[in-house]
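Enquirer: What follows is a single structure, and I will ask about it in a moment.
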C-alpha cells in the first residue's frame, strides 16, 4: 500500500465547503487482489509512521524516561502493516 498526496477530486463533497483555509487530499494505491478495507487504510494512514519519525519517538522516549514519563500506547504499535 502506498499513500500519496493528490489534488482534490472534482466530485468531492468537500468542494461544497470551499473556499477553506486548508485542504488536503491523498490517494491510496493498493495491489489489485489486496484484502485491504477502507478501515484498514484509515488506521494505517494514522499508525504507519515513516522510519525517521519512529526514530524521533524513540529518541523522545529516551529523553523523558529519567523523568518517569512513558510513551503513549498508540506509539508502541507504530510500524504495523496490514
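Enquirer: Mind grabbing the base-10 log of I(q)/I(0) for the chain at q = 0.16 Å⁻¹? Debye formula, identical points on the C-alpha positions, no solvent, two decimal places.
Expert: -0.82
Enquirer: At R0 = 25 Å, how high is the FRET efficiency between residue 44 and residue 70 if r is their beta carbon distance? Nearest 0.05 is fine. Please report the intermediate quantities before stating the final value.
Expert: Values: r = 24 Å, r/R0 = 0.97.
The calculated FRET efficiency here is 0.55.
Throughout, read-outs are computed from the coordinates displayed, never taken from laboratory work. On a predicted model such as this, the values are computed, not experimentally measured, just so you know. Note that each Cβ is placed from the backbone with ideal geometry, even for glycine, and that neighbours are counted across all protein chains shown.
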